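S.K.: First the structure, then my questions, so here it is.
The values are calculated or read from the model by the stated rules, or taken from the named source; none is laboratory data. Nothing here was measured: the structure is a model prediction, and the numbers come from that model. Neighbour counts are summed over all protein chains in view; Cβ atoms, including those assigned to glycine, are modelled from backbone coordinates with ideal geometry.
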Amino acid sequence: MTKPLLDVEDLRVRFHLRTGTVEAVRGVSFQLGRERLGIVGESGSGKSQTGRAILGLTPPPGEVTAKRLAFDGIDLQTASKKTLRTLRGGRISMVMQDPKYSLNPVMTIGDQIIEAYRAHARARKAEARDRALAMLEAVKMRDPGRVFSLYPHEVSGGMGQRAMIAMMLVTDPDLLIADEPTSALDVTVSMEVLRILDELVSERGMGLIFISHDLKLVSSFCDRVLVMYAGRVVEELEAKNLREAQHPYTQGLMRCLPTLANDVRPLPTLNRDPAWAL
Amino acid sequence: MLDIQNLNVVFGTGRLRVEAVKNVSFHVEQGAAYGLVGESGSGKSTVLRAICGLAPITSGRVSVDGNAVTTPRGKAFYRTVQMVFQDPYASLHPRHTVDRTLSEPLAIHGEKDAEARILQALKEVGLGPSFRFRYPHQLSGGQRQRIAIARALILRPKVLLLDEPTSALDASVQAEILNLLDDLRRRLGLTYILVSHDLAVVAHLCERLLVMQHGEAVEETTAAALRSGAASNDYTQSLIQASQGFTRVAPQPAQAPAA
């Protein structure tokens, strides 16, 4: 493998609370090339905090430490604020869960995309506008010109999420972190959004970190999957080998889902072994 | 047990008029579980809300146990029909203890013996008496949903309306709640109407189901037919497809399905 795009070693995220210290991420290590990496886990497993820590978006009282946290050779821990600003949104972007909360409600979609573009590229307004329109077309908006001048509350969830993807990809990043990009969407709409994401990622040769609680979805979408439990990676496997998962937690997660294919009753539940969290 | 004939629900007037449910009819036998499936905006939740009086019945007939419902619903109705909502974080009063949440329906209906009933209800949903004086924030998502189910069951209703009861929960917790619902139905002879966007969940819990789109009933089918992949309707077929996960090799779908 050539030099990895992202190199994370022993990443830890701590929150010092009145009741003691909570370690949300406890020693996560992985390397990412130009591939699709899935991070799966249940709520509280630290998967979102991992994604946020990479971008330096850990909410204030939180504390991030790592032996190594490097993006394309740049050490993210020691990098200046200025360097970080050029990286964030420029070379690393993040798609958030719910377009309703993560788009600016008082700015049109077009203006938001232009803002994102001009924050990172010297461009005249007209040029940025063309880029934004082209991007809206790339995410398969039926009428880019119309969507351009709409406010976020005027579009549906699927359109909002596509606008968000457009905004995140307009700067041509090398790495995209998608944190539950489709969990606020309907099944059929989310397939459409995933298809667009998939196309853009493979077309542009980006690295993708796909964070989700949906094991089935992640394994069908990504190349490689990290399974997290209580802040640790309990298992790393090739997505296509998910059925041969070794860790009892992964196996338990797979089994407890009802499926159309077979009718198991009662559903096997997950017996959490305290040893998994050690 | 529950019979719905040509139900229409219309919100607003003039330019703001929205027909949320159009001419939906179905019938649920005593002790059966019936599913309503569809995407958001398909009107599936509105059907449920219209049954229990949270949405207006513009036209059509809703009858429970052979009697047409009255508006506003009477006490007798709520003794027969109770509802469990989607988000257990939002549907329990944050400043009421479990004990108070559970005693409220008993007080409204003038039931005696609250103490024993509350302990019994907690036991039924698999929680011990130690949960009785906790506040919702001291419970996990799955435990909260159990309390919501206990609250619905404490009046001994015959029909339970379940609006996406597991979609706010983790997969492993979802399995526990589904098992609990399955078990309660068998033990107490309940009738369920389950709303969900997850075909696998509906097929697991229900025998028959209705697929809805844009407020209209698209297809009525059985869980068995769904499992064997037999769906006559394109829309149902696309839902089955989508529930299988992401497919990369799939041929490019026809441009933009109707939104």
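S.K.: Among the residues of the stretch A:177-193, are any part of a loop (DSSP other than H, G, I, E, B) and more than 14 Å from chain B (Cβ to nearest Cβ)?
M.R.: The answer is no, given that none of the residues of the stretch A:177-193 is part of a loop (DSSP other than H, G, I, E, B) and more than 14 Å from chain B (Cβ to nearest Cβ).
S.K.: Another question, if that's okay. Identify all residues within the stretch A:117-147 that are among the basic types (Lys, Arg) and assigned to a helix (DSSP H, G or I); write none if there are none.
M.R.: Hits for the stretch A:117-147 are A:118, A:125, A:129, A:131, A:146.
S.K.: Please enumerate the residues belonging to the stretch B:163-203 that are facing another protein chain (nearest Cβ under 8 Å), in contact with a strand residue (DSSP E or B) (Cβ under 8 Å, 6 or more places away or on another chain) and assigned to a helix (DSSP H, G or I).
M.R.: Of everything in the stretch B:163-203, those that are facing another protein chain (nearest Cβ under 8 Å), in contact with a strand residue (DSSP E or B) (Cβ under 8 Å, 6 or more places away or on another chain) and assigned to a helix (DSSP H, G or I) turn out to be B:199, B:201, B:203.
S.K.: In the stretch B:140-150, which residues are modelled with pLDDT of 90 or more and surrounded by fewer than 21 Cβ atoms within 10 Å (Cβ to Cβ)?
M.R.: Correct list: B:143 only.
S.K.: So residue A:91 ticks every box in (1) closer than 30 Å to residue A:245 by Cα; (2) under 17 Å from the mean Cα position of the chain (by Cα) but one. Which box is left unticked?
M.R.: Exception for residue A:91: condition (1).
S.K.: Criterion first (β-branched (Val, Ile, Thr), free of Cβ contacts under 8 Å to residues at least 12 places away in the same chain and either more than 26 Å from residue B:130 (Cβ to Cβ) or buried (at least 20 other Cβ atoms within 10 Å of the Cβ) (or both)) does residue B:70 satisfy it?
M.R.: Yes; evaluated as a whole, the condition is true for this residue.
S.K.: Just to be sure I understand the filter: pairs with C-beta atoms under 8 Å, separated by 6 or more residues or on different chains, first member in the stretch B:11-30 and more than 15 Å from residue B:48 (Cβ to Cβ), second member charged (D, E, K, R) and surrounded by 14 or more Cβ atoms within 10 Å (Cβ to Cβ). Which pairs pass?
M.R.: Close Cβ pairs satisfying both conditions: B:22/B:216; B:23/B:216; B:27/B:3; B:30/B:158.
S.K.: Something else about it: If I ask for residues that are in a loop (DSSP other than H, G, I, E, B) and under 18 Å from residue A:212 (Cα atoms), which ones from the stretch A:236-257 would you list?
M.R.: Hits for the stretch A:236-257 are A:245, A:256, A:257.
S.K.: Okay, moving on. Tell me, which residue of the stretch A:223-278 that is within 23 Å of residue B:183 (Cβ to Cβ) and basic (Lys, Arg) is modelled with the highest pLDDT?
M.R.: A:255
S.K.: If you scan the stretch B:204-241, which residues turn out to be hydroxyl-bearing (Ser, Thr, Tyr) and either part of a helix (DSSP H, G or I) or within 11 Å of chain A (Cβ to nearest Cβ) (or both)?
M.R.: B:228, B:235, B:236, B:238
S.K.: Among what's in the stretch A:67-116 and is in contact with a Phe, Trp or Tyr (Cβ under 7 Å, 6 or more places away or on another chain) and part of a helix (DSSP H, G or I), pick the residue that is modelled with the lowest pLDDT.
M.R.: Going through the qualifying residues, I end up with A:87.
S.K.: Which residues, taken from the stretch B:164-175, are buried (at least 22 other Cβ atoms within 10 Å of the Cβ) and touching a residue at least 12 places away in the same chain (Cβ under 8 Å)?
M.R.: If the condition is that a residue be buried (at least 22 other Cβ atoms within 10 Å of the Cβ) and touching a residue at least 12 places away in the same chain (Cβ under 8 Å), then B:165, B:166, B:169, B:173, B:174 are the ones that fit.
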